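S.K.: Got a structure for you, questions after.
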Amino acid sequence: MSIRCNPGAPKEVPREVMNRLLAVDPEIAVLERQFKESHTRIKWEYKFINRAPKEIRETHKKLGQQLKAATKSLKDELEAEHRKNYFFYIHNEMMKRQLNRPLSETVEEGAEPAIEHQLEERTRLQLVLCDLSKNLSSQAIVARKVYAINLQIALASRKELMTRQPPSAPA
């Protein structure tokens, strides 16, 4: 599964963090202050907002819309940045886990493979390809590559017989 399609990834910024960031933004703070002043002034003079003259109601409504739009745009930016940071963090954590994971043990030359193949060429090829020794000289590496190629050619010239199993009896 792609980390971008991770259903467990957060879609929203935590509410506590969002509230702190919204309170700090100067544009939103100014709009909130203006909206609250307008609201209290209208309430003081007219008791209800609907009783205020149309021009005052429209300016009050426009202030509310500006505040809502500014808040929404900041929230969208913060959510996009939070998601981007989350995926960056998760990617780094996955890479660290892969780097710190213990290396698998190399196959010893005398050990039998865990899987038994019908063809001996396939078994020998598995031993060569699964041997991930790093302490080899350059001549040994070249010799191993040549040996692997020869085994692949020998395996390609052989045909593995398919064994059919009889159909099981109905229970």
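S.K.: Using the C-alpha gyration tensor of region 39-95, what are the square roots of 5 times its eigenvalues, in whole angstrom, with the largest one first?
M.R.: Rounded to whole Å, the semi-axes are 45, 9, 5.
S.K.: Taking the mean number of other Cβ atoms within 10 Å as a proxy for protection, how do you rank 66-74, 45-53 from highest to lowest?
M.R.: 66-74, 45-53
S.K.: What does the accessible area per residue of region 26-109 come to in Å², with a 1.4 Å probe and no ligands, DNA or RNA counted?
M.R.: Accessible area per residue, region 26-109: 85 Å².
S.K.: Looking at region 120-159, which trypsin sites (Lys or Arg not before Pro) are DSSP coil and have at most 16 other C-beta atoms within 10 Å of their C-beta?
M.R.: Of the trypsin sites (Lys or Arg not before Pro), the ones in loops of region 120-159 whose Cβ has at most 16 other Cβ atoms within 10 Å are LYS134, ARG158, LYS159.
S.K.: Students often forget the sequence filter, so: which lysines lie under 29 Å Cα-Cα from LYS47 once same-chain residues fewer than 8 apart are removed?
M.R.: List returned: LYS36, LYS61, LYS62, LYS68.
The values are calculated or read from the model by the stated rules, or taken from the named source; none is laboratory data. Please read these numbers as outputs of a predicted model, since none were measured by experiment. Ideal geometry is used to build each Cβ from the backbone, glycine not excepted, and the neighbour counts take in all protein chains shown. Note: areas computed on protein heavy atoms with side chains; ligands, DNA, RNA excluded. Shrake-Rupley method; radii C 1.70, N 1.55, O 1.52, S 1.80 Å.
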